[in-house]
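Working notes for the structure below.
The values are calculated or read from the model by the stated rules, or taken from the named source; none is laboratory data. This structure is a prediction, so every number in the text was calculated from the model and none was measured. Cβ placement follows ideal geometry from the backbone for every residue including glycine, while neighbour counts extend to all protein chains displayed.
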Amino acid sequence: MKLPIPLLLATTLLCGGAAHAQTVANSPLAGTWAVDVSRLYLPPQARPRSVTVSFAQPDGARWATRVEVVDGGGNSLVAEGSTLLDGTPAPVSGNLEADLSATTLPAPGVLVMQLSKGGVPGSTRIYTASADGQRMTETAAYFTDDGRPVVRTHHFSRVR
């Protein structure tokens with residue numbers, strides 16, 4: 001599946017936490033992160049102006065994700081949602097690439113997310129926080145329209 005360029009990162013949506021609330025509460029992934037757009041695989045003229053991902057635990061039983069992508073023209077796309085961290089699919093709102101997400105937090109600094117749209121598998125995203133909690137990498141794995149597998153790594157810095 002070929003991903004729309006500004007939405008490639010916007011699919012970092014949806015995480016939950018009832019079954020693993022204690023682990024999630026200590027996750028270094030909680031907070032707001034900004035992608036280093038200069039390191040994206042896209043040509044400079046095709047890169048978004050910014051991508052910000054926020055992970056939060058609003059009530060002790062849910063893990064929420066909000067993604068904002070500001071494209072080259074200054075238009076903003078916001079996608080958000082929340083789900084349990086037991087792999088149960090939950091809806092994604094505001095995202096053209098995905099309408100469902102399933103997530104798990106196998107370790108406090110590692111989040112695994114599977115996305116789909118209209119019942120068709122999308123991408124798998126793995127988020128990993130650095131030991132100092134100031135950097136995060138997103139590994140995105142998906143298939144192109146002609147069936148070739150692709151793996152991309154995106155680099156984030158903590159905003160707050």
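How do the strands (runs of 3 or more DSSP E) wholly within the stretch 109-160 filter down when requiring 2 or more residues that are closer than 18 Å to TYR41 by Cα, touching a helix residue (DSSP H, G or I) at 6+ places or on another chain (Cβ under 8 Å) and modelled with pLDDT of 95 or more: which remain? Strands (runs of 3 or more DSSP E) meeting the threshold: 149-158. All told, GLU97 meets the bar of being touching a strand residue (DSSP E or B) at 6+ places or on another chain (Cβ under 8 Å), surrounded by 17 or more Cβ atoms within 10 Å (Cβ to Cβ) and either part of a loop (DSSP other than H, G, I, E, B) or of a type in the set (Asp, Glu) (or both).
Applying the criterion of being over 10 Å from the mean Cα position of the chain (by Cα) and in contact (Cβ under 8 Å) with a residue 24 or more places away in the chain to the residues of the stretch 138-152, the residue that is nearest to ASN26 (Cα to Cα) is ARG152. Return the residues of the stretch 111-137 that are in contact (Cβ under 8 Å) with a residue 60 or more places away in the chain and closer than 22 Å to THR88 by Cβ; say none if nothing qualifies. Residues satisfying the conditions are LEU111, MET113, LEU115, VAL120, PRO121, GLY122, SER123, ARG125, TYR127.
Annotation for the stretch 37-44: no member residue is at pLDDT 90 or above and under 25 Å from GLY118 (Cα atoms).
One residue stands out in the stretch 41-90 among those that are assigned to a strand (DSSP E or B), touching a residue at least 60 places away in the same chain (Cβ under 8 Å) and of a type outside the set (A, V, I, L, M, F, W, C): the one that is surrounded by the fewest Cβ atoms within 10 Å (Cβ to Cβ), namely ASP86.
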